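The structure under discussion appears below in the form of structure tokens.
The values are calculated or read from the model by the stated rules, or taken from the named source; none is laboratory data. What you see is a predicted model; the values in this text were computed from it and never measured. Positions of Cβ are backbone-derived with ideal geometry, glycine not excepted, and every protein chain shown enters the neighbour counts.
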Amino acid sequence: MVRIDVELARRKMSVGEFSERVGLTPANVAVLKNGRAKAVRFSTLEAMCRVLQCQPGDLLEWVED
């Protein structure tokens with residue numbers, strides 16, 4: 001499960017601001033937020049954590065199907 005929306009809400013940050021600061025399109029952020037991404041580059045994960053000042057585990061949670 002991807003928890004980007006939770007972290008954005010905690011920081012009162014919009015998807016537009018987040019996408020701009022991370023260097024992704026809003027459409028790609030939506031793909032990540034909705035869990036439709038097949039993979040995430042470590043550089044993207046690093047940028048997301050830097051912008052949100054969090055750890056990867058704050059953004060990603062493994063849930064058994």
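Within segment 17-49, the set of residues being over 14 Å from residue 1 (Cα atoms), within 11 Å of the chain's Cα centre (by Cα) and either among the charged types (D, E, K, R) or not in a helix (DSSP H, G or I) (or both) comprises 24, 46.
Yes or no, residue by residue, for (1) in contact with a helix residue (DSSP H, G or I) (Cβ under 7 Å, 6 or more places away or on another chain); (2) at pLDDT 95 or above; (3) among the hydroxyl-bearing types (Ser, Thr, Tyr):
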| position | (1), (2), (3) |
| --- | --- |
| 7 | yes, yes, no |
| 10 | no, yes, no |
| 17 | no, yes, no |
| 26 | yes, yes, no |
| 31 | no, yes, no |
| 36 | no, no, no |
| 49 | yes, yes, no |
| 54 | yes, yes, no |
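Select from segment 1-16 the residues that are touching a residue at least 40 places away in the same chain (Cβ under 8 Å), in a helix (DSSP H, G or I) and under 9 Å from the mean Cα position of the chain (by Cα) and list them in ascending order. Of everything in segment 1-16, those that are touching a residue at least 40 places away in the same chain (Cβ under 8 Å), in a helix (DSSP H, G or I) and under 9 Å from the mean Cα position of the chain (by Cα) turn out to be 4, 7, 8. Of the residues making up segment 50-65, those that are part of a loop (DSSP other than H, G, I, E, B), within 15 Å of residue 1 (Cβ to Cβ) and free of Cβ contacts under 8 Å to residues at least 40 places away in the same chain number 2.
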